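Input: a single structure, listed below in structure tokens.
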Amino acid sequence: MSIPARASVPKFDLAAMFAPAQAVEAYIRQMLEQRPLPAHLREAVSYSLLGPGKRLRPILIVRACEAVGGKPEQALSAAAAMEMVHCFSLVHDDLPAMDDDDLRRGRPTLHKHTNEAMAILAGDLMLGLAFETLATRVTPPALAGALVRELGVGTNDMIAGQVYDTLPQFDPAMAPLERLQTIHRNKTGALIRASCRMGGLAGGADPQGSALGNLTAYGEAIGLMFQVVDDLLDVTQTTAQLGKAAHKDAEHGKLTYPGVLGIDATKVEVRRLQEQAHHALAPLGDRAAALRELCDFMAVREK
Ligand code: IPE
Ligand code: IPE
Ligand code: MG
Ligand code: MG
Ligand code: MG
């Protein structure tokens, strides 16, 4: 997978930053080859899982694992499982009943590439496959159980967030900014937070320890920041640059940061969350250097 497909921001060593993606992709490819599946379902799932995405969540898992002293290999099953849930969320997010998008990662969305029934079923399969991966490939069983729990909570919070985003029926007394945070922390933040925690657990962090607490606080800050930036990019970038339809949020009446705060105050909010993430990582020292860089990249990414 080529680096330009992922990002283009010049000041970062993107080849080094995204290097673990290759091992995760190889792991997913091998899993799909070994798993008996109807040929057209395998094709649909491969199209989504191995398409030109950034693989940010798998990279976060590997880097969080390293930040607590683990080796990247320890994090591969968790990284693959997370990318499966992420791709399931994208495929269903793009369906006509949801955001109704035709373009994703610079290519037709899965329901355009195949058809709606296949896209629904491929999404379902990726969700099931994620948990199958953790349950069958992670040892010891206590770690498998802990990762299943983290991914289960993250997935279900993501789905709750998609409901808030798509069918918003909130407490009418809730202020717009509080609503926005509730949507964003769930629909996007939950899987990013879970990624940081799963990486830490895969790397051997004590579930009750301070390192996992630091990774969780980092994950919460960058999780919200990621969707704030996504909202900003929807307004400031072109469809060609993003590889997905730009200027859709306002058109669809979505509650977004630029919509509520304006572009300048949204940029200030990105900086605030970036600082919060750095603060959370401070106790982890040099081993968290890659997570710091990843956060800085996520704040200024252009797609
Ligand atoms: C897009 O996520 C969906 C959101 C949560 C905003 P990414 O921007 O990480 O998507 P890919 O995987 O790189 O395509
Ligand atoms: C996506 O939010 C959140 C999930 C897929 C869970 P968006 O609807 O803003 O994501 P994009 O812009 O389509 O990638
Ligand atoms: Mg959406
Ligand atoms: Mg969408
Ligand atoms: Mg968006």
Exercise. Considering only protein heavy atoms, what is the solvent-accessible area of C87 at a probe of 1.4 Å, reported in Å² to the nearest 10?
Worked result: 0 Å²
Seminar exercise, completed: Interchain or sequence-distant (5+) residues whose placed amide H lies within less than 5 Å of the amide H of R104 are T109
Problem set entry | Fraction of the pair-distance distribution of the stretch 105-164 above 19 Å, Cα-Cα pairs, percent | 49 percent
For this session: Report the residues of the stretch 77-120 in range of a label on H40: point 7 Å along Cα→C-beta, backbone N strictly under 11 Å from it.
Result: 114-119
Exercise. Which whole number in µm²/s is D for the stretch 160-292 by Stokes-Einstein, with the Kirkwood Rh taken over Cα pairs at 10 °C and 1.306 mPa s?
Worked result: 100 µm²/s
Seminar exercise, completed: At R0 = 41 Å the Cβ-Cβ FRET efficiency linking I263 and M98, nearest 0.05, sits at 0.95
Exercise. Using r as the Cβ-Cβ distance of L50 and E275, and R0 as 35 Å, what FRET efficiency do you calculate, to the nearest 0.05?
Worked result: 0.50
Exercise. How far is it, in nm, from the label point at D171 to the one at Q237 when both lie 7 Å from their Cα along the line to the Cβ?
Worked result: 3.4 nm
Seminar exercise, completed: With -39,500 (n - 2.57) per DSSP H segment of 4 or more residues and division by the full residue count of the chain, the 222 nm estimate, nearest 500 deg cm²/dmol, is -21000 deg cm²/dmol
For this session: Give the longest segment of the chain that steers clear of GluC sites (Glu not before Pro) in DSSP loops with at most 16 neighbouring Cβ atoms within 10 Å, not counting the sites themselves.
Result: 1-250
For this session: Give me the Debye-computed log₁₀ of I(q)/I(0) at q = 0.09 Å⁻¹ for the chain, equal point scatterers on Cα only, no solvent, two decimals.
Result: -0.41
For this session: Please report the relative contact order for the stretch 176-303, taking Cα pairs under 8 Å with a sequence separation of at least 6, and give it as a percent rounded to a whole number.
Result: 28 percent
For this session: Please quote Rg/Rh for the stretch 229-295 to two decimal places, taking the Kirkwood radius as Rh and restricting both calculations to Cα atoms.
Result: 1.11
Seminar exercise, completed: With the stretch 1-112 reduced to its Cα atoms and the Debye formula applied, log10 I(q)/I(0) at q = 0.10, 0.13 1/Å amounts to -0.32, -0.54
Exercise. Once you put a point 7 Å from the Cα of E33 and another 7 Å from the Cα of T136, both along the Cβ direction, what distance in nm separates them?
Worked result: 1.6 nm
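The values are calculated or read from the model by the stated rules, or taken from the named source; none is laboratory data. The structure presented is a predicted model; accordingly, all values stated were derived computationally and were not measured. As a convention, Cβ positions derive from the backbone with ideal geometry for all residues, glycine included, and neighbour counts pool all protein chains shown. Note: areas computed on protein heavy atoms with side chains; ligands, DNA, RNA excluded. Shrake-Rupley method; radii C 1.70, N 1.55, O 1.52, S 1.80 Å.
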